[in-house]
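Only one structure is covered here, and it is reproduced in the block below.
The values are calculated or read from the model by the stated rules, or taken from the named source; none is laboratory data. Just so it is clear, the model here is predicted, and its values are computed rather than measured. Neighbour counts run over all protein chains shown; Cβ positions are idealised from the backbone, glycine included. With ligands, DNA and RNA removed, areas are computed over all heavy atoms of the protein, side chains included. Shrake-Rupley method; radii C 1.70, N 1.55, O 1.52, S 1.80 Å.
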Amino acid sequence: MRLYVAGQTPKSVAAFANLKKLCEEHLPGRYRIEVIDLLVQPQLAAGDQIVAIPTLVRKLPEPLRRIVGDLRNSERTLVGLNLRPS
């Protein structure tokens, strides 16, 4: 999974913490989070069509999923990650 952020804003920090907590609870040992800071690597936003931040992109397993926001709504995030039926 890739988490796109723009620096260490409160929303970015919260998104990472919320994502890590959900992954530890639902995917222990079976996940990898790559944090892309668009202040450092802005060119990477185009590749995943990032228009808002923070945005989580999960490419595998398909289909590609994008979740925008600080991921504090765990039910919405789990559904978005296809870890829970909608």
Cα convex hull of the chain: mean projected area in nm², to one decimal? 5.3
Report the relative contact order of region 20-86, percent, no decimals, based on alpha-carbon pairs under 8 angstrom and at least 6 residues apart. 21
SER74, SER86, reordered so the largest accessible area comes first (probe 1.4 Å): SER86, SER74
Computed helical MRE - 222 nm, the chain, DSSP H runs ≥ 4 contributing -39500 (n - 2.57), nearest 500: -9500 deg cm²/dmol
Got a sec? Which residues in region 1-43 would a label at LEU60 touch, if it sits 7 Å along Cα→Cβ and we count backbone N under 14 Å? 1-2, 30-34
Rounded to the nearest 10 Å², the 1.4 Å probe accessible area of VAL13 is 70
Looking at the chain, send over the antiparallel percent of its DSSP beta bridges, to the nearest 5. 65
Would you mind calculating the gained length between VAL68 and VAL35 on full extension (0.36 nm times residue separation, minus the Cα-Cα distance), in nm to one decimal? 10.5 nm
